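Everything below concerns the one structure shown next.
The values are calculated or read from the model by the stated rules, or taken from the named source; none is laboratory data. Just so it is clear, the model here is predicted, and its values are computed rather than measured. Because the Cβ atoms are built from the backbone with ideal geometry, glycine has one as well, and the counts that use them run over all protein chains shown.
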Amino acid sequence: MTLKQRYLRVTNLLFLILLGVQFLPDKVRQDPETGYVIGLAVGVEVLVLIFSAVIKKSQSQNLFLDIVGFIYVLLIAWTLATAKGNLLREVLFPAPGRVLRQLIEDREKIVVNIRSSLGIIIKGYLLAAIIAIPAGLFIGWKNRLGNAATYIAKFCSAIPPIVYIPYGIALLPTFQSVSVFVIFLAAFWPILAGTMSGVINVDRKVIDSAKVLNVSGGTMLFSVILPASLPQIFVGCNQGLTVAFVLLTSAEMIGARAGLGYYVKNYSDFGDYTRTIVGILLIGIVVVGITFLFNKLQQYLLRWKR
Amino acid sequence: MSKLEIQNISVDYTEKNKSFTALKNVSFDVEEGEFVSVIGSSGCGKSTLLSILEGINTPTEGAVLIDGKPIHGTGPDRGVVFQNYSLFPWMTARKNVAFGVKQIRKDLSKTERLKIADEFLEKVGLEEFKNKYPSQLSGGMQQRVAIARALAMDTEILLMDEPFGAIDAKNRAILQELLLQLWEGDGTQEKKTVLFVTHDIDEAILLSDRIVMMTSHPGTVRKEIPVPFARPRNRSELVETKAYGEFRNELLSLFYGDIADRIGGSEVVL
């Protein structure tokens, strides 16, 4: 890569535009905290320059720069629409600098809420996976059971798990356990259905070649059927994860005392839209982070597939 | 007593209330240390026959005896190489071989199993590829791994179901020689009993001591023919000889005579 290819990019131009926009006169009554946006932009740009120098593969460099480019465009539009243009209602749409300041001021509270949300989703989701995968393996392997169970799983997964929340609240002692229970129900059916369909669709030849190797029942199930159906299991797990995220924030908005959903709901009830936007952004960041890690795990476990 | 006795095997299938006979009264023996090929056109039931020997299918009538004892299902006395897809795609070549060894030799430690795997992968010339996944190997290489696994399991009997059927001509020739060389060994160990299914006449002649020719509809044994060529055999020398050409023609006329019988003509020119 030449120096030009490395450093002369649209993304870098967008950075300069973003900086320039910050120095336009403010048109809002509240201080738009322009300094925070400049700070963020400079920080991100330093990262961009480091990445440009370090990363060898032009493909991953392009991806990173493009994502940053989108963030810059968003920040430019946001700044122009709020602080510099006052096109939107100031109370509902705070300037980016104010949101950033709030994010930094609330960091301790935010860590507590993220931890609460993560705890619930990890508990509920892992519980679902630990029960649904072995159950799916076993049911799928027993042909007759599998046929019947497919319909039942379809029926159950078609019911939006949010309707279980009232039951959860009536039956379970703490709100945390209600959320775990709802996440569990939300993730359980897609994972079970994915596992069963994986097992049912395992290539006959794979099973035959395991049979002629004289594998025992346990080895057949866990060393042959499980890895052979892993791609389908991951399809189910991905679906389960998506539903789990939706459910988590919905559940937290109904009656929780902690969590990201609670954070958003609580402050929007008080009309604090700066914090509402902080919460919305955080939910997005947490979901992207978990999905990213999950995809890495999937890539690693399915590395044998081409 | 023969190593492997196939006694009067018949297989009937029922599909949509119509039954048809895949195999009818198939009987032949394979002696210990003998290499026998089963040859026939596609649909003559030779793969069905092999699946019965493997223990995956059960015959409607008849029995298969190993050392005089009837078989029930799969067993550690038989190793199998299929035409394709016999490797597990989520295991590296080395793990595939070691996994096969593990099912037979539970007493070995993991290191010992991997050592055996390495040894046999070296024998088939794949020591550099042992940590590759099947998807990263060519079809020929995958079959080498499958052969290495079957040999590493050290079963008394090897069953091979058109193992080179999906491989291009050049690599097929290389693999045939490799198999021949591995089976003949250095003369110190006992040879394995092999039953090899193929539709390739040259392959059958090169490899086997005896050829069992099958005809279709229903599948029956037409003739058993001993292969009169001394071992060790060399393909390029063998095919030059006049005797080879004559023997090959004899087999071909038997092979196509079957077709001529069925269509009722006496003059089938090929």
- Hits in the stretch A:89-104 (condition: surrounded by fewer than 14 Cβ atoms within 10 Å (Cβ to Cβ) and either of a type in the set (Lys, Arg) or within 15 Å of A:TYR273 (Cα to Cα) (or both)): A:ARG89, A:VAL91, A:LEU92
- Note on the structure: Note on the stretch A:199-220: residues assigned to a loop (DSSP other than H, G, I, E, B) and more than 7 Å from every other protein chain (Cβ to nearest Cβ) are A:ASN201, A:VAL202, A:SER216
- Message: Residues to consider are B:THR74, B:THR111, B:THR92; find the one that is away from chain A (no Cβ under 11 Å) and either surrounded by fewer than 21 Cβ atoms within 10 Å (Cβ to Cβ) or not basic (Lys, Arg) (or both).
- Response: B:THR111
- Query: In the stretch B:1-59, which residue that is in a strand (DSSP E or B) and of a type in the set (Asp, Glu) is surrounded by the most Cβ atoms within 10 Å (Cβ to Cβ)?
  - Reply: B:GLU5
- Task: Tell me, yes or no, whether the stretch A:226-238 has at least one residue that is crowded, with 23+ Cβ neighbours inside 10 Å and more than 14 Å from chain B (Cβ to nearest Cβ).
- Result: yes
- Item | From the options B:GLU184, B:GLU190, residue that is more than 14 Å from chain A (Cβ to nearest Cβ) and over 26 Å from B:THR74 (Cβ atoms) | B:GLU184
- Message: Taking the conditions exactly as written (under 21 Å from A:LYS211 (Cα atoms) and surrounded by 17 or more Cβ atoms within 10 Å (Cβ to Cβ)), does B:VAL124 satisfy them or not?
- Response: no
- Message: When you check A:LYS305 against the structure, is it farther than 15 Å from A:SER250 by Cα and within 14 Å of chain B (Cβ to nearest Cβ), yes or no?
- Response: yes
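Here is a yes/no grid of residues against (1) of a type in the set (A, V, I, L, M); (2) in contact with a strand residue (DSSP E or B) (Cβ under 9 Å, 6 or more places away or on another chain); (3) more than 30 Å from A:PRO227 (Cβ to Cβ); (4) surrounded by fewer than 24 Cβ atoms within 10 Å (Cβ to Cβ):
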| site | (1), (2), (3), (4) |
| --- | --- |
| A:ILE159 | yes, no, yes, yes |
| A:TYR164 | no, no, yes, yes |
| A:TYR167 | no, no, yes, yes |
| A:ALA170 | yes, no, yes, yes |
| A:THR174 | no, no, yes, yes |
| A:SER179 | no, no, yes, no |
| A:ALA186 | yes, no, no, no |
| A:ILE191 | yes, no, no, no |
| A:MET196 | yes, no, no, no |
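Conditions (1) over 27 Å from A:GLN176 (Cα atoms); (2) in the same structural domain as A:LYS154 (by TED's automatic domain parsing); (3) among the aliphatic types (A, V, I, L, M), marked per residue:
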| site | (1), (2), (3) |
| --- | --- |
| A:THR219 | yes, yes, no |
| A:ALA228 | yes, yes, yes |
| A:GLU252 | no, yes, no |
| A:ASP272 | no, yes, no |
| A:VAL278 | no, yes, yes |
| A:ILE283 | no, yes, yes |
- Query: Here are some conditions: (1) loosely packed, with under 14 Cβ neighbours inside 10 Å; (2) touching a residue at least 12 places away in the same chain (Cβ under 8 Å); (3) of a type in the set (A, V, I, L, M); (4) assigned to a loop (DSSP other than H, G, I, E, B). A:VAL28 meets all but one. Which one does it not meet?
  - Reply: (1)
- Filtering the stretch A:286-306 down to residues that are free of Cβ contacts under 8 Å to residues at least 24 places away in the same chain and hydroxyl-bearing (Ser, Thr, Tyr) yields A:TYR300
- Counted residues in the stretch A:193-225 being over 30 Å from A:SER157 (Cα atoms) and among the charged types (D, E, K, R) come to 3
- Looking at (1) among the polar types (S, T, N, Q); (2) closer than 17 Å to B:SER37 by Cβ; (3) in contact with a Ser or Thr (Cβ under 9 Å, 6 or more places away or on another chain), which is the one condition that is false for B:ASN171? (2)
- Query: Of (1) more than 14 Å from chain B (Cβ to nearest Cβ); (2) closer than 25 Å to A:LEU301 by Cβ; (3) more than 28 Å from the chain's Cα centre (by Cα); (4) of a type in the set (Ser, Thr, Tyr), A:TYR151 satisfies all except one. Which?
  - Reply: (2)
- Selection from the stretch B:175-208 of residues touching a Gly at 6+ places or on another chain (Cβ under 9 Å) and charged (D, E, K, R) yields B:GLU190, B:LYS191, B:LYS192, B:ASP200
- Item | Candidate set: the stretch A:204-225, residues that are under 16 Å from B:MET91 (Cα atoms) and of a type outside the set (A, V, I, L, M, F, W, C); chosen: the one surrounded by the fewest Cβ atoms within 10 Å (Cβ to Cβ) | A:LYS205
- Please note which helices (runs of 4 or more DSSP H) are completely contained in the stretch A:96-179 and include at least 1 residues that are within 22 Å of A:GLY240 (Cα to Cα). A:107-141, A:143-158, A:165-171
- Task: Scan the stretch B:74-86 and report the pairs whose first residue is free of Cβ contacts under 8 Å to residues at least 24 places away in the same chain and whose second residue is part of a loop (DSSP other than H, G, I, E, B) and among the β-branched types (Val, Ile, Thr), with Cβ atoms within less than 9 Å and a gap of 6+ or a chain change.
- Result: B:THR74/B:ILE56; B:GLY75/B:THR155
- Message: I'm checking my understanding of the structure. Among residues of the stretch A:265-278 that are without any contact (Cβ under 8 Å) to a residue 40 or more places away in the chain and surrounded by 17 or more Cβ atoms within 10 Å (Cβ to Cβ), which one is nearest to A:LEU248 (Cα to Cα)?
- Response: A:LYS265
- Query: Taking into account only those residues within the stretch B:127-139 that are part of a helix (DSSP H, G or I) and more than 10 Å from chain A (Cβ to nearest Cβ), which is surrounded by the fewest Cβ atoms within 10 Å (Cβ to Cβ)?
  - Reply: B:GLU128
- Message: Based on this model, can you work out whether B:GLY73 counts as modelled with pLDDT under 90 and either in a strand (DSSP E or B) or not charged (D, E, K, R) (or both)?
- Response: yes
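Residue-wise test of (1) within 14 Å of the chain's Cα centre (by Cα); (2) acidic (Asp, Glu).
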residue	(1), (2)
B:GLY125	no, no
B:GLU128	no, yes
B:TYR133	no, no
B:GLN142	no, no
B:ALA146	yes, no
B:ALA152	no, no
B:ASP161	yes, yes
B:PHE164	yes, no
B:ASP168	no, yes
